[in-house]
Amino acid sequence: MCLCAGIVSDTLCLTSPTTTLLDHEMLAWLSGVAGVDSKKFTEEFFAVGSLIATGTPEEIINADRKEFNESGLHLSISQVEERDLVGFSARREDLEQSLRNLHEAEKYDLTLLAVTDVALHHSMILAIGKEATLEKLPFERIDDVLFHAPGVVSRKRQIFPGVCEAIQLSN
C-alpha cells in the first residue's frame, strides 16, 4: 500500500503531466496486490490531513521546497498539494508573511509557494520577487503577490518552466 501511496502522490493519481505509462501499469498491479481500489484509495489519501488546515506557515512552505539557480538567480519553489483550496484564503496572509521572511533571510531572487488543488487541477501561487519577473509569469495575476494557475499541477513540468521563461523575458 505504501508504494501505491507513492505513485498516487507523485502523479496526482495518474493525472499529472509527469505521469508515465509505467506509473499506470505499476499502480494497477500494486493495487491488485494490495487489494485496494486505486480511485477510492486516492480520495482517502488526499483527504487525510490537510497541511493547509493543520501546518504552521513554515511547515507548509518547507514541506516540499526546492531551490534552483537559473540565469544567475537564486530561486525557491515550494508546493503543497491539497484536496481543495477551501482553507487557503484564511491562511494566505500568514503564508505570504512567512514566504517574505524566507525570501529575505535566504536572499532569494524569486520565492514561490504553489498551493495545488489535486481534485480540480489548478494552483494558487504566492510569488515574491522583482516586479519585472513577476509581471512576466505565465499565470493569471490576481494582485501583487497572488497568481491563479488553472491546469497547473506540476512544479517540474509547468511551474519551473514558466518561471524560467519569465526570467528570460524580464532580462
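Only one entry in Leu146, Leu113, Leu102, Leu134 is under 20 Å from Ser16 (Cβ atoms) and not β-branched (Val, Ile, Thr), namely Leu113. Would you confirm, using the coordinates I've provided, whether Leu120 is in contact with a helix residue (DSSP H, G or I) (Cβ under 6 Å, 6 or more places away or on another chain) and modelled with pLDDT under 95? Judged against the criteria, Leu120 is not a match.
Look at Ser50 and say whether it is farther than 14 Å from Phe160 by Cβ, in contact (Cβ under 8 Å) with a residue 40 or more places away in the chain, of a type in the set (Ser, Thr, Tyr) and surrounded by 14 or more Cβ atoms within 10 Å (Cβ to Cβ). No, not satisfied. The sole residue among Ile128, Ile142 that is assigned by TED's automatic domain parsing to the domain that holds Pro57 and touching a Leu at 6+ places or on another chain (Cβ under 6 Å) is Ile128. Note on segment 72-95: residues that are surrounded by fewer than 18 Cβ atoms within 10 Å (Cβ to Cβ) and either outside the structural domain of Cys164 (by TED's automatic domain parsing) or farther than 17 Å from Ser50 by Cβ (or both) amount to 3. Of the residues in segment 36-55, at least one is closer than 21 Å to Phe147 by Cα and at pLDDT 90 or above. Residue under question is Lys39, and the condition is that it be surrounded by fewer than 14 Cβ atoms within 10 Å (Cβ to Cβ), touching a residue at least 12 places away in the same chain (Cβ under 8 Å) and not assigned by TED's automatic domain parsing to the domain that holds Ile7; does it hold? In short, no.
Taking every residue in segment 56-80 that is under 10 Å from Arg155 (Cβ atoms) and touching a residue at least 24 places away in the same chain (Cβ under 8 Å) and pairing it with any residue that is among the acidic types (Asp, Glu) and surrounded by 14 or more Cβ atoms within 10 Å (Cβ to Cβ), at least 6 positions away or on another chain, the pairs with Cβ-Cβ distances below 6 Å are Gln79/Asp64.
The values are calculated or read from the model by the stated rules, or taken from the named source; none is laboratory data. Treat the numbers as computed from the prediction; the structure is a model and nothing was measured. As a convention, Cβ positions derive from the backbone with ideal geometry for all residues, glycine included, and neighbour counts pool all protein chains shown.
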